[in-house]
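Undergrad: Please see the structure below; I have some questions.
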Amino acid sequence: LMFPIMNVRGQVVGFGGRSLDDQEPKYLNSPETAVYSKGRHLFGLSLAKDAIITSKTAVMVEGYFDCVVLAGSGLAHVVSPLGTALTEEQVRLVTRYAEHVILAFDADAAGEQATLRGIDLLVEAGRQVRVAQFPQGVDPDEYLRAHGRERLEQLMGQGASLLEVLIQGALRRYPATDVEGTVKAAQFVLPTIARVPDAMLRSEYVRL
């Protein structure tokens, strides 16, 4: 299944393919060229930017399919990276238009890593970040089909704060309550907090 990939001005710069019968690779992009570099574009942004400006919020999902299905349901402010970890260039693109970003990546190990990477970059850019927390193994497209748009919007509106996500991640990795476990948990959380530009907010996060 082929998806045209457009730059922010709506010009087609490449294509993305998704396997329909579980053949590998599941996703395949056009090769990198002088015109198209997947780390410098966000899928759906040319169509979503007006809605992002109006709502001051962007929803970021993992793949083309999630983006298309959510946009088709009426969630017009949805974008996605292009089969790669979120890049600084992509963050600069989305933060031209959005004050708030909701990360709605899949509820699996890869999704958690993408979420943590996204939090770091968006926090450093001075944006407010929340994380939609889906049931384990469920992606946004599946949740929408099972529960409908209203429930999906409710779930995203109740997204976890960056500190909640960091603490949850730390506790999963270092459940021990001894000093060593506590120190490792703190070492997991603090590098992201150190990226927060606002000194007062940073201090409050450290206290919490």
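The values are calculated or read from the model by the stated rules, or taken from the named source; none is laboratory data. None of these values were measured; they are calculated from a predicted model. With ideal geometry, Cβ positions are generated from the backbone for all residues, glycine too; neighbour counts draw on all protein chains shown. All accessible areas refer to the heavy atoms of the entire protein, side chains included, with ligands and DNA or RNA removed. Shrake-Rupley method; radii C 1.70, N 1.55, O 1.52, S 1.80 Å.
Conditions tested, residue by residue: (1) more than 27 Å from residue 192 (Cα to Cα); (2) open to solvent by 10 Å² or more (accessible area, probe 1.4 Å); (3) in contact with a strand residue (DSSP E or B) (Cβ under 8 Å, 6 or more places away or on another chain).
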| position | (1), (2), (3) |
| --- | --- |
| 54 | yes, yes, no |
| 61 | no, no, yes |
| 75 | yes, no, yes |
| 80 | no, no, yes |
| 86 | no, no, yes |
| 111 | no, no, no |
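Undergrad: Based on what the data block shows, is residue 122 touching a strand residue (DSSP E or B) at 6+ places or on another chain (Cβ under 7 Å), closer than 20 Å to residue 197 by Cβ and of a type outside the set (Phe, Trp, Tyr)?
TA: yes
Undergrad: Here's another thing I want to ask about it. In segment 23-68, how many are free of Cβ contacts under 8 Å to residues at least 24 places away in the same chain, of a type in the set (Lys, Arg) and closer than 13 Å to residue 5 by Cα?
TA: Within segment 23-68, residues that are free of Cβ contacts under 8 Å to residues at least 24 places away in the same chain, of a type in the set (Lys, Arg) and closer than 13 Å to residue 5 by Cα number 0.
Undergrad: Now a separate question. Can you pull out the strands (runs of 3 or more DSSP E) entirely within segment 1-110 that have at least 2 residues that are hydrophobic (A, V, I, L, M, F, W, C) and over 14 Å from the mean Cα position of the chain (by Cα)?
TA: 2-6, 12-18
Undergrad: Let me ask another. Wholly within segment 114-208, which helices (runs of 4 or more DSSP H) include no fewer than the required count, namely at least 1 residues that are of a type outside the set (D, E, K, R) and within 23 Å of residue 81 (Cβ to Cβ)?
TA: 140-147, 149-157, 162-173, 179-193
Undergrad: Being open to solvent by 70 Å² or more (accessible area, probe 1.4 Å) and either within 13 Å of residue 59 (Cα to Cα) or touching a residue at least 60 places away in the same chain (Cβ under 8 Å) (or both), is that true of even one residue in segment 95-103?
TA: The answer is yes, given that some residue of segment 95-103 is open to solvent by 70 Å² or more (accessible area, probe 1.4 Å) and either within 13 Å of residue 59 (Cα to Cα) or touching a residue at least 60 places away in the same chain (Cβ under 8 Å) (or both).
Undergrad: Next question, about the same structure. When you check residue 127 against the structure, is it surrounded by fewer than 16 Cβ atoms within 10 Å (Cβ to Cβ) and over 20 Å from residue 70 (Cα atoms), yes or no?
TA: no
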